[in-house]
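See below for the structure under consideration.
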Amino acid sequence: MPTIAVIQSLVKTITALASDLPLSVKPGTKADKIWIVMNLGKGKTPYKTFNRRFDAMFGEDCRDCNGCLEHVRRGKLGLGLVCSYLSKVNWAVNFPLDLVEIKLQRVISELKHL
């Protein structure tokens, strides 16, 4: 079972990778999935909000025909928005950290291949 420190480290890794995305990754806009999903209402619990957002943006069903996550965007309206959200989450409030780790690792794996 991962610890809160492990989750925070994964968030830092995502933030570092997101800030170094190549220009070939499209910049985020208010018409993109990330902006839309991140601006929907919150779930009943912080975990339900996290889970719904990450499933909608980065779930396995969000892969294109090449197997890449299709909603990855760079900049403050893209992964910058996601990183800002992740940095504010209180992971100590009833989060199943093992499931959170899987979702964060999926994003990290994708960002490392871009």
Q.
Return the residues of the range 18-40 that are more than 10 Å from GLY78 (Cα to Cα) and open to solvent by 50 Å² or more (accessible area, probe 1.4 Å); say none if nothing qualifies.
A. SER19, ASP20, LEU23, SER24, ALA31, ILE36, ASN39, LEU40
Q: State all residues of the range 21-60 that are among the acidic types (Asp, Glu), modelled with pLDDT of 95 or more and closer than 23 Å to ILE102 by Cβ; if no residue qualifies, say none.
A: ASP55
**Q.** Close pairs from the range 74-94: first in a loop (DSSP other than H, G, I, E, B), partner of a type in the set (Lys, Arg), Cβ under 7 Å, at least 6 apart
**A.** LEU77/LYS30
Q. Looking only at the range 24-51, which residues are without any contact (Cβ under 8 Å) to a residue 12 or more places away in the chain and of a type in the set (Lys, Arg)?
A. LYS42, LYS44, LYS48
(Q) Among the residues in the range 24-45, are any within 26 Å of MET1 (Cα to Cα), among the β-branched types (Val, Ile, Thr) and either in contact with a Pro (Cβ under 9 Å, 6 or more places away or on another chain) or in a helix (DSSP H, G or I) (or both)? (A) no
Q) From the list ARG106, ARG63, ARG53, which one is open to solvent by less than 20 Å² (accessible area, probe 1.4 Å) and among the basic types (Lys, Arg)? A) ARG53
Q. Which of (1) in contact with a helix residue (DSSP H, G or I) (Cβ under 8 Å, 6 or more places away or on another chain); (2) closer than 19 Å to SER19 by Cβ does VAL93 not meet, given it meets every other one?
A. (2)
(Q) Go through the range 1-17 and report how many residues are open to solvent by 70 Å² or more (accessible area, probe 1.4 Å), under 15 Å from ILE102 (Cα atoms) and either under 12 Å from the mean Cα position of the chain (by Cα) or aliphatic (A, V, I, L, M) (or both). (A) 1
Q.
If a residue must be surrounded by fewer than 17 Cβ atoms within 10 Å (Cβ to Cβ) and under 10 Å from the mean Cα position of the chain (by Cα), how many such residues does the range 85-103 contain?
A. 1
Q) Quick one: is LEU21 aliphatic (A, V, I, L, M) and in a loop (DSSP other than H, G, I, E, B)? A) yes
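The values are calculated or read from the model by the stated rules, or taken from the named source; none is laboratory data. Computed from a prediction, not measured in an experiment: that's the story for all the values here. Here the Cβ is made from the backbone with ideal geometry for all residues, glycine too, and neighbour counts use every protein chain on show. Just the protein is used for accessible areas: all its heavy atoms, side chains included, with ligands, DNA and RNA removed. Shrake-Rupley method; radii C 1.70, N 1.55, O 1.52, S 1.80 Å.
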